[in-house]
1. Restricting to segment 82-91, name every residue that is surrounded by 19 or more Cβ atoms within 10 Å (Cβ to Cβ) and either free of Cβ contacts under 8 Å to residues at least 12 places away in the same chain or among the aromatic types (Phe, Trp, Tyr) (or both).
2. Among the candidates Asn2, Asn70, single out the residue that is closer than 20 Å to Phe106 by Cα and touching an Asp or Glu at 6+ places or on another chain (Cβ under 7 Å).
3. Would you check if Glu94 is out of contact with any helix residue (DSSP H, G or I) (no Cβ under 8 Å at 6 or more places or on another chain) and either loosely packed, with under 13 Cβ neighbours inside 10 Å or not β-branched (Val, Ile, Thr) (or both)?
Amino acid sequence: MNIFICCSKYFYERIPPIKEALERSGHTITPPNSYDEPFKEEEIKEVGSEEHREWKAAMMRRQEPKIRANDAILVLNFEKKGVANYVGGATFLEMFKAFELGKKIFLYNPIPESILTDEIKGFGPVVINGNLGNVK
C-alpha cells in the first residue's frame, strides 16, 4: 500500500522507525510536507506575514496531489504540549482531503477529544493503537 504520513512537525523525529517498519512490511511511504525542513515555517514567519501566508498556502496546495497519489494516510497523533493524541489544523485538513478523495485514514492513537472529535469520527478512521500491523 502507498501511504502518506501526516502529523505535526513536532512529531517528525518519530517518523523514521515507523517509516522503516512500514517499508519492511512492503508499504511505500511518502513523508509529510516540509519533512526535510520541519521548522522552515518558523524561518518564514520571521521574514514577514505575507511571505508566511504564501508559504502556508503553498504547503496546503501540496497536500492534495500527495494524498491523491497514495492509497491511505497514516496520522501520527501523539501527545503535544499536554494534549493527548494531538491533531492540528494542517493535519486535520489532510484528513479531510483523504476523506474527500475516498482514501483510507489510519490514526496511530485514538481520536483526540477536541473541537474536531465529531468531524474526525465522521471521517471513519481506523485507529491502530500503535500497532503498525493493523495498517492494511
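Every number here is computed from the coordinates shown, using simple stated rules; none is lab data. As the structure is a computational prediction, the values presented were derived from the model and not from experiment. All Cβ positions, even for glycine, are placed from backbone atoms using ideal geometry, and neighbour counts span all protein chains on display.
1. Listed by number, the list holds a single entry, Tyr86.
2. Numbers: Asn70 fails: touching an Asp or Glu at 6+ places or on another chain (Cβ under 7 Å).
After ruling out the rest, the residue left standing is Asn2.
3. Numbers: out of contact with any helix residue (DSSP H, G or I) (no Cβ under 8 Å at 6 or more places or on another chain): no; either loosely packed, with under 13 Cβ neighbours inside 10 Å or not β-branched (Val, Ile, Thr) (or both): yes.
No; evaluated as a whole, the condition is false for this residue.
Yes/no per residue for (1) touching a strand residue (DSSP E or B) at 6+ places or on another chain (Cβ under 6 Å); (2) farther than 25 Å from Pro112 by Cα; (3) surrounded by 12 or more Cβ atoms within 10 Å (Cβ to Cβ); (4) not basic (Lys, Arg):
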position: Cys6; (1), (2), (3), (4): yes, no, yes, yes
position: Lys9; (1), (2), (3), (4): no, no, yes, no
position: Arg14; (1), (2), (3), (4): no, no, yes, no
position: Pro38; (1), (2), (3), (4): no, no, yes, yes
position: Glu41; (1), (2), (3), (4): no, no, yes, yes
position: Ser49; (1), (2), (3), (4): no, yes, no, yes
position: His52; (1), (2), (3), (4): no, yes, yes, yes
position: Trp55; (1), (2), (3), (4): no, yes, yes, yes
